[in-house]
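Worksheet: the structure to be examined is printed underneath.
The values are calculated or read from the model by the stated rules, or taken from the named source; none is laboratory data. Being a predicted model, the structure only gives us computed values, none of them experimental. Heads up, the Cβs are rebuilt from the backbone with ideal geometry, glycines too, and the neighbour counts pull from every protein chain shown. Note: areas computed on protein heavy atoms with side chains; ligands, DNA, RNA excluded. Shrake-Rupley method; radii C 1.70, N 1.55, O 1.52, S 1.80 Å.
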Amino acid sequence: MTAHIIQTNPAPFQPVDLDSITLDIIENALRNARAEMDAVLFRTAMSPGIREQHDAFPMIANNDGKMVVGQFGSFIHGFVSNYDDTIEEGDVFLTNDPYSCNGAVSHLNDWLTLMPIFHDGRLVSWAAMFGHMTDNGGKVPGSLPTDAAQIFEEGLQIPPVKIVRKGVLNKELLNLLLRNSRVPEWNRSDFNAMLASLRLAERRVHEIVARFGVDHYIAAMAEMLDRNKRAMSAIIKMVVPEKKAYFEDYIDDDGVGMGPYKVACSLWREGDIAHFDFTGTDPQSISSVNFFLNEEMFKMFLGAFFINIFDPQILFNDGFYELVDVKIPEGSILKPKRPAALSCRTHLLGRIFDIMGGLLGQGSPDVLNAAGFSDSPHLMYSGYNKSGEWYQLFQIGFGGIPGRPAGDGPDGHSLWPSFTNVPNEFLESYFPLRIVRYEAIADSGGAGLHRGGNGVCTAYEFLEPGEISIHDDRWLTYPWGVNGGNPGARSTKELVRKDGSREWLPSKCDRVKVMEGDILYFNTWGGGGWGDPLKRPAERVATDVERGLVSVDGARAYGVVVRSDFSLDLAATEALRADIAATRPPIELFNRGGTIEQLKARCKAETSFDPPRSPVFANWMGSPAQPRQPA
């Protein structure tokens, strides 16, 4: 089964001599087109998740489907190989089903649109855009049930369909899809915005081709891919060791009382090829925390990680993909079998970045990052207001970026560099709530030579009765520190009722009733610290205390004594540092705050929650559940 691409012009593209100036002009024209795609989307979408937080990802690919500019990597080859119909000029395709696109999108809320771009009867490019829809149906508002056991509970599944055929929108199909959403007008607007961004990309590609010629355009994209491959090859040879490295990390629970779940990965290099093997990762969960990790998406994560650390000037694209081999066991929590639920997959998605950091730094501790805010925690709030109108909020929280070799981790930042926060004024204008506190949480970043970034406390006062759902993690395990740095603080969620009663909420929960006057303190976690805290200049610690990023008591984790007027007590600092240095255990490469067994033993006392039970896995499908086997 494979798609039939209809090209009315069979002439092959011709090789050309491409000078560097033309190449640079075409490259920057494509970069600008990608940026314009974002601008069109953000200015015309309605949902806060896309319009304000920018939870959407564009791409322009060459005629073979390899991403040349963009953000989320190739999936087009798999689509063409599995789509059993024609692909023609004017077509636009839509899907949200991870199991139909090999994980190019990872849950049903992400609607992916894809357009082939033709010029003079020949396919010259592809454009794609996907964005997170606020609601896609399912059993809870927001379509992200924490207790889902199968994907059927999570909303409408859309296999790859031709939503636009030869330039004509299939209105009946679109209306059917919108009928399954609690916020259909938002979805309609967001879909139209994505469609407009694709058409913008198509127009810009035609302009480039008209200016330089189609053969120069095709050659330029090939060279941009090859240039990326050469640069990434040098980085891989420099930082990926031939000796096998191993690392593991965890998500804390699955929303139904079991955890933690292990992600294990080994890394080594053979010649030019970097190998990542996730053998040892836990089997898929019977709950919704599974993450269908597309191999190309992992390569995208890796490329973004490498480029941002080692050479941000490199154009990020798919050119280097053949230099990376990825093995993900089928039936694992990173490659579950359908119909496993996927709605709570954001925690594993984010944890992959910590895994990469822990692996890649072992051979070169000086370039090792700590663990950071590797998640996109969600808050959903919905109900009917006093006028009988439906309201529904989906918001992503921010936290602490890890301490790094280059310096402190930023406070209150997103996992994804392009995400922005929803302004509090926007929230208060469009939803029945008031933001009574929005601030960095002092001491939540791990102490170190370079401090981990602090998490954020957002206090939501609800002005209407409704329901909330929460997706978060790192309430049991810590974001680890490295090279002597301390772990960052955990996340917490506290609900203070109008009558003054207080209750701690679990990190993953649905259907929590709230009333007018209740306040939710949504506290995200901090980043781990980098390097020995005793080596951080005492003056910098005092400045952090004055700025409210570290408390007076928290300064003692750095061996620094700060008076109430923020002045340094140098003599006391010198004595405290000497005492800490003489009594602390040897510095280890990773500081996780304890083993899983130790964290579980301390869980009740430290978090007020009972520790999660050991996971039970299903031998999919229909087989009896199986406990985790001993290592």
Roughly how big is segment 522-600's charge dipole about its Cα centre, with Cβ charges of +1 (Lys, Arg) and -1 (Asp, Glu), in debye to the nearest 20?
200 debye
Please arrange HIS4, HIS77, HIS450, HIS216 by accessible surface area, largest first, computed with a 1.4 Å probe and ligands excluded.
HIS77, HIS4, HIS216, HIS450
Rg/Rg_globular for segment 254-374, with Rg_globular taken as 2.2 N^0.38 Å and Rg from C-alpha atoms
1.09
Which net charge results for the neighbourhood of LYS386, defined as the other residues with beta-carbon distances under 14 angstrom from its beta-carbon, given Lys and Arg at +1 and Asp and Glu at -1?
-3
Rounded to 10°, Cα long-axis angle of helix 346-360 versus longest principal axis of the chain
80 degrees
Protein accessible area in segment 22-82, 1.4 Å probe - carbon and sulfur %
47 percent
Quick check: pseudo-label points 7 Å beyond the Cα along Cα→Cβ at HIS275 and GLU606, how many nm apart are they?
3.6 nm
GluC sites (Glu not before Pro) lying in DSSP loop within segment 544-589, provided at most 10 other Cβ fall within 10 Å:
none
Let me make sure I get this right: for segment 178-230, a, b and c are the square roots of the gyration tensor eigenvalues over alpha carbons, sorted descending. Under 1.5 in a/c it's rounded, otherwise prolate if a/b > b/c, else oblate. Which is it?
oblate
Determine the gain in length on full extension of the stretch LYS237-LYS498; use 0.36 nm per residue of separation and subtract their C-alpha separation, reporting nm with one decimal.
88.1 nm
Between ILE580 and ARG511, what is the spin-label point distance in nm, taking each point 7 Å from the Cα along the Cα→C-beta axis?
4.7 nm
Could you give me D for segment 119-247, from Stokes-Einstein at 37 °C and 0.692 mPa s, where the hydrodynamic radius is the Kirkwood radius over C-alpha pairs? Units µm² s⁻¹, please.
173 µm²/s
Inter-part distance where segment 75-148 and segment 1-65 are each reduced to a Cα centre, Å:
15 Å
Once Lys and Arg are counted +1 and Asp and Glu -1 for all other residues with Cβ under 12 Å from that of LEU463, the total becomes -2
Limiting things to C-alpha atoms, what are the Rg and the maximum Cα-Cα separation (Dmax) for segment 398-544, in angstroms?
16.8, 51
Principal-axis tilt of helix 295-310 within the chain, Cα atoms, nearest 10 degrees
60 degrees
Per-residue ellipticity at 222 nm attributable to helices in the chain (runs of n ≥ 4 DSSP H, -39500 (n - 2.57) apiece, nearest 500 deg cm²/dmol) works out to -9000 deg cm²/dmol
Across 10 Å bins beginning at 0, the whole-percent shares of Cα-Cα pair distances in segment 414-458 come to 23, 39, 30, 8, 1
Taking the C-alpha atoms of segment 306-357, how large are the radius of gyration and the largest Cα-Cα span, Dmax, in Å?
14.5, 41
Binning at 5 Å from 0, report for segment 82-154 what percent of all alpha-carbon pair distances ends up in each bin.
3, 15, 20, 20, 15, 11, 7, 5, 3, 1, 0
What GluC sites (Glu not before Pro) in segment 238-339 are in a loop by DSSP, with at most 12 other Cβ atoms within 10 Å of the Cβ?
GLU242, GLU330
Protection proxy (average C-beta count within 10 Å per residue), highest first, orders 162-168, 16-22 as 162-168, 16-22
Over the chain, give the accessible area per residue in Å² for a 1.4 Å probe, as an integer.
39 Å²
What are the trypsin sites (Lys or Arg not before Pro) within segment 470-523 that DSSP puts in a loop, where the Cβ has at most 12 other Cβ atoms within 10 Å?
none
Whole-percent carbon and sulfur contribution to the accessible surface of segment 449-607 (1.4 Å, no ligands, DNA or RNA) stands at 55 percent
Net charge within 12 Å of ALA104 by Cβ-Cβ distance, Lys/Arg positive one each and Asp/Glu negative one each, not counting ALA104 itself?
-4
Please check which bits of segment 474-506 a label hung off ARG434 would reach, taking the label as a point 7 Å along Cα-to-C-beta and the cut-off as backbone N under 17 Å.
496-500
With angles folded into 0 to 90 degrees, how steeply does helix 570-583 sit against the dominant principal axis of the chain? Use alpha carbons for both and round to 10.
80 degrees
Where ASP215, ASP375 fall by accessible area, highest first, once all protein chains stay in place (1.4 Å):
ASP215, ASP375
Using a 1.4 Å probe on the protein heavy atoms, what percent of the accessible area of segment 188-330 belongs to carbon and sulfur?
50 percent
Whole-percent tail of the Cα-Cα distance distribution for segment 47-187, cut at 22 Å, equals 39 percent
Rounded if a/c is under 1.5, else prolate if a/b beats b/c, else oblate: with a ≥ b ≥ c from the C-alpha gyration tensor eigenvalues square-rooted, which is segment 7-119?
oblate
Gyration tensor verdict on segment 495-551 (Cα atoms; rounded if a/c is under 1.5, prolate if a/b is larger than b/c, oblate otherwise)
prolate
